[in-house]
1. So how much accessible area does Val8 have, in Å² to the nearest 10, using a 1.4 Å probe?
2. Run the numbers for Asp101 and Lys20: contour at 0.36 nm per residue of separation, minus the present Cα-Cα distance, in nm.
3. Please go through the range 78-158 and write out the GluC sites (Glu not before Pro) that DSSP classes as loop and that have at most 15 other C-beta atoms within 10 Å.
4. Separation of the range 69-98 and the range 1-65 by C-alpha centroid, Å?
5. So which aspartates and glutamates can Lys113 reach, going by Cα to Cα under 18 Å and dropping same-chain residues fewer than 8 places off?
6. The range 1-80: which trypsin sites (Lys or Arg not before Pro) are DSSP loop and have at most 16 other beta-carbon atoms within 10 angstrom?
7. Using a 1.4 Å probe, how large is the accessible area of Ser70, given in Å² and rounded to the nearest 10?
8. Apply the Karplus parameterisation 6.51 cos²θ - 1.76 cosθ + 1.60, with θ equal to phi minus 60°, to every residue of the range 15-25 and state each ³J(HN,Hα) to the nearest whole Hz, in sequence, with x for glycine and proline.
Amino acid sequence: MSVYEYTVKDVNGHDASLEKYKGNVLLIVNTALDCGFAPQYEELELIYREYHDQGFEILDFPCNQFANQSPLEDVENAKACKVRYQTTFETFGKITVNGDDTDPLYQFLKTSKKGVLLPAIKWNFTKFLIDREGNVIDRFGPNQRPTSFEDEIKAALA
């Protein structure tokens, strides 16, 4: 299986197939605007602008599972990202990353690349790097700023 086989919800609640990203390198991130890691949006946008023309996409999945740090409705959340951090990459509908209601995409991501000790997502801004074939290359924790693994992104794009 690859990430391209999954369908998620866009901010309007419509099905969005990840197949449209086939052939691109992806960075999939669970986010929250009220999280202490939210300033990473700035670095995410810088990296997105730097490598987008080479086939790099960032997929932003807001998640309200950690201390209710993403309370806005989906459309308002996407607008707030654009206003606060000038994001131009795609924001999707809220997603559940842990527990019984875990979205199938995140089940796949977590089993493909486990975190330290457990597969569970520990907090917002956990990042998964995906190669052009839809395979998970690596997983980066919330403390790992996007620019700290820029070399891995460049290698995936090569």
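The values are calculated or read from the model by the stated rules, or taken from the named source; none is laboratory data. What you are looking at is a predicted structure, and each value in this text was computed from that prediction instead of being measured. Backbone-built Cβ (ideal geometry, glycine too); neighbour counts: all protein chains shown. The area values use the complete protein model at the heavy-atom level, side chains included, leaving out ligands, DNA and RNA. Shrake-Rupley method; radii C 1.70, N 1.55, O 1.52, S 1.80 Å.
1. Val8 has an accessible surface of roughly 10 Å² with all protein chains in place.
2. Full extension of this stretch gives 26.7 nm more.
3. Within the range 78-158, the qualifying GluC sites (Glu not before Pro) (loop, at most 15 other Cβ atoms within 10 Å) are Glu133.
4. Value for the Cα centre distance between the two parts: 10 Å.
5. Output for Lys113: Glu5, Asp103, Asp131, Glu133, Asp138, Glu152.
6. Lys22
7. Only protein atoms counted, so the area is about 0 Å².
8. 5, 10, 6, 6, 4, 5, 9, 3, x, 9, 8
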